[in-house]
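Below is one structure; the comments refer to it alone.
What follows draws every value from the coordinates through simple rules; no lab data is involved. Predicted model only: the values in this text are computed from it and were never measured. Cβ coordinates were reconstructed from backbone atoms using ideal geometry, including for glycine residues, and neighbour counts include every protein chain displayed.
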Amino acid sequence: MQYNWVLLMTQPGGGGGGGTYQMLIWFGLMIALMYFLLIRPQRKKQKEHDKLLSELSKGDKVVTTGGMFGTIHAIDENRGRVVLRINDQTKLEFLKSSIAARVEG
């Protein structure tokens, strides 16, 4: 004798309204999980980067997102740009937001 397991697991008469609440609970849990795993860490990282950019000053040694190392020669807050001194003869202008980190030495 063979049983159709799918038919044995279903309830006759539709099963009631409990499934709707369970679905809402699972949906809420999924949103909470996404918030704590994706959104919250990204916001924290963005706040740290904004703090770094606001604390930059002339003479700081930095690296850009493209991997260029240099020393801040000038900061133009109005245009959102910084001038990096790469060596004694080379100065390049970057967007302030392209500064990735402050480096030592």
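Looking at the stretch 36-105, which GluC sites (Glu not before Pro) are DSSP coil and have at most 12 other C-beta atoms within 10 Å of their C-beta? Show your work: numbers first, answer last.
Values: sites: Glu48, Glu55, Glu77, Glu93, Glu104; in loops: Glu55, Glu77, Glu104.
Passing both the DSSP loop test and the Cβ count: Glu55, Glu77, Glu104.
In a shell of Cβ-Cβ distance under 13 Å around His49, excluding His49 itself, what net charge do Lys and Arg (+1) and Asp and Glu (-1) give? Mind showing how you got there, number by number?
Details: positive: Arg43, Lys44, Lys45, Lys47, Lys51, Lys96, Arg102; negative: Glu48, Asp50, Glu55.
It works out to a net charge of +4.
Below 8 Å between Cα atoms, with a sequence gap of 6+, how large is the relative contact order for the stretch 57-102 in percent?
Numbers: 87 pairs, mean separation 16.8, N = 46.
So the answer I get is 36 percent.
Run through all the Cα pairs of the stretch 31-78 and give the fraction in each 10 Å bin from 0, expressed as whole percent.
So the P(r) values, bin by bin, are 22, 38, 24, 14, 3.
If you take the Cα atoms of the stretch 52-105, find Rg, then find the Kirkwood Rh from the mean of 1/r over all pairs, what is Rg/Rh?
Values: Rg = 9.8 Å, Rh = 10.8 Å.
For the stretch 52-105, the value is 0.91.
Give me Met34, Met68 ranked fewest to most by other Cβ atoms within 10 Å of their Cβ, as a rough exposure proxy.
Values: Met34 11, Met68 15.
Going from sparsest to densest Cβ surroundings: Met34, Met68.
Of the trypsin sites (Lys or Arg not before Pro) in the stretch 15-105, which ones lie in a loop per DSSP and count no more than 10 other C-beta atoms within 10 Å? Walk me through the numbers before you get to the answer.
On the way: sites: Arg43, Lys44, Lys45, Lys47, Lys51, Lys58, Lys61, Arg79, Arg81, Arg85, Lys91, Lys96, Arg102; in loops: Lys58, Arg79.
Listed in order of number, the matching sites are Arg79.
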